[in-house]
Amino acid sequence: MSENYILGIETSCDETAAAVVCDGERLLANVVSSQIATHQPYGGVVPELASREHLRAIVPVVRQALSEAGETYESMDAIAVTQGPGLAGALLVGISYAKALAFALEKPLLTVNHLEGHIHAVLLEEKQKGNFQIGFPLLALVVSGGHTHLFLAGQKEHGWTYANIGRTRDDAAGEAYDKVAKLLGLGYPGGPIIDALAKHGNPRAVKFVPAQIKHGNRGTPKAEQTPYDFSFSGIKTAVLRYVELEGMREAVTVRQNALAGVGKPSAETVLPLCDRKTLDLVASFQRAVVQDLVLKTLQAARESAARTLFVTGGVAANSELRQVFTSEAAKEGLPVYFPSRRLSTDNAAMIAAAAYPKWLAHDFAAAEFSVEASLALR
Ligand code: KG4
Ligand code: ZN
C-alpha cells in the first residue's frame, strides 16, 4: 500500500497549528504558532484577538509545515481540520482555509473533533515508538484549559467509539490553573508556571477539601448525566479566600507590577518574587488537583475494566500529574501513556493522526459542514 500524507490544521483556541503525518504514525512536521504573548495582558484568551491572530498566521504556518516535511500542497493526499469544540470565530478561520485549500487542490477534506485529536496524539507517539499493542477498552482523560473529560474508548473497523463517562461540572482543570495563576499575579498561562513553582513549596501546607460534587447531577437531564464528574471552581474560590484571609493581596500586586510587560515570564523570573506562603499555596493547590484527577480516573478505570489509560491535553504536561498517575496506575497493573510535552498542548499533528482512520474509511467531510463550537465526541 502506498503512503498517505495528511495535512492537519488546528485553530480551535489560541494556537495556530499545521502538521504533516504519514499513515497516522509518522510525524514529518509539527508547527505551532502560539498567541500567548497576545493574550497574556488579559490573563486569558480573548476570542476576537484569537481569530485575528489565526488569520495572520494560518498561511505561513501551513507553508512552514509543508517545507519542514519536505512536501508540497500537491503531495498531500488529504486535508484534515478541527471542526470543534472550541471558539467559533477561531475554528472558522481554520475551516474556511482548509475548505478553500481542499477545493483548489481537489483533495478530500476530513473533519476531526479536537478531543479525539488529543487522544490520538498519544496513539501517534506510541506507534512512532513501535507500540501497536494498545488494549481496549481504553480510558482517556482529556484534561486541558477548556476540557476535563473521561472517555471510554472501544474499537470499530477503522476507527474508535467513545462513551463520555465523566466531565467537569464547571471549570476545566487547566482553567483552574489559569485562574489561580491570575489571582496570584503569576501571569498566563498558569499551568507551566505553577508546575515549576510547586516544586519549591510544601504541598501539605494548605488543606483543601477534596473537590467533590455532592449533587452534581441535580437538574441535569438523565441523558446528559455522567457517572464520574469533576469540579474545579470550588478550589479556585478557596485559593481566593486564602489570599484574602492571609493578607496576601499586597504581595500579589507587587508581583503583578514586577511582571507587567514581561511577555512569558520564566520560573527563574517569577521564583524570586514569591514568598514561602505563596509557594506553599501553589504546591498545595496542585497537589489537590492532581489527587482529584488521579483518584477519580483510576476509580473509573477499575469500574469500567479499562485495559489501558491515556492522559492527554495541556494539563497532561504537568510533571506531578505524570508522576502520580505513573506510580498509582502501576500499583493497579494498568499501563498509562502520555503524549510528549509538545503534543500535550494544542497542535495539528494530533488532528492529522486522528484523521487517518477516517481517511481509510473514506469518511470525508460533507461539502456544507461548518463550525461546531460545542461538538460532542461519541
Ligand atoms: O490543550 P491545551 O493547549 O488547550 C486546550 O484545549 O484547552 O491546554 C492548555 C491548558 C492551559 O490551561 C494551561 O495552563 C494548561 O493547559 N497547562 C498546564 C501545563 N502546561 C499547560 N497545566 C498544568 N501543568 C502544566 N505543565
Ligand atoms: Zn486542546
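The values are calculated or read from the model by the stated rules, or taken from the named source; none is laboratory data. Not measured: the values here are computed from a predicted model. Here the Cβ positions follow ideal geometry from the backbone for every residue, glycine too, while neighbour counts run over all protein chains shown. Areas reflect the complete protein model, heavy atoms only, side chains present, ligands, DNA and RNA absent. Shrake-Rupley method; radii C 1.70, N 1.55, O 1.52, S 1.80 Å.
Among LYS179/LYS207; LYS179/LYS199; LYS264/LYS331; LYS207/LYS264; LYS156/LYS331, which pairs are too far apart, with a Cα-Cα distance over 27 Å?
The answer is LYS264/LYS331; LYS207/LYS264; LYS156/LYS331.
In the chain, how does Rg compare with the Kirkwood Rh, expressed as the Rg/Rh ratio over alpha carbon atoms?
The Rg/Rh ratio comes out at 0.97.
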Contact order relative to length of the stretch 256-375, as percent, for alpha carbon pairs under 8 angstrom and 6 or more apart
20
Restricting to Cα pairs below 8 Å that are 6+ residues apart, what does the relative contact order work out to for the stretch 1-139? Please round to a whole percent.
27
What do you get for trypsin sites (Lys or Arg not before Pro) in the stretch 131-203 restricted to DSSP loop and a cutoff of at most 14 other Cβ within 10 Å of the site's Cβ?
LYS156
Please give the helix 349-360 orientation as an angle from the longest Cα principal axis of the chain, in degrees from 0 to 90, rounded to the nearest 10.
40
Quick one: angle between helix 319-331 and the longest Cα principal axis of the chain, in degrees between 0 and 90, rounded to 10, please.
80
The chain - mean residue ellipticity at 222 nm from DSSP helices (-39,500 (n - 2.57) per run, n ≥ 4, rounded to 500)
-14000 deg cm²/dmol
Once the whole set of protein chains is in place, how much accessible area is left on PHE136, using a 1.4 Å probe, in Å² to the nearest 10?
40
Excluding same-chain residues fewer than 8 positions from LYS129, which aspartates and glutamates have a Cα within less than 17 Å of its Cα?
ASP23, GLU25
Identify the GluC sites (Glu not before Pro) of the stretch 76-150 meeting these criteria: DSSP loop state and at most 11 other C-beta atoms within 10 Å of the C-beta.
GLU106
Give the value in nm², to one decimal: projected area of the alpha carbon convex hull of the stretch 94-144, averaged over all directions.
5.2
Karplus ³J(HN,Hα) for the stretch 227-233 (6.51 cos²θ - 1.76 cosθ + 1.60, θ = phi - 60°; Hz, whole; x = Gly/Pro) runs x, 10, 10, 10, 8, 10, 7
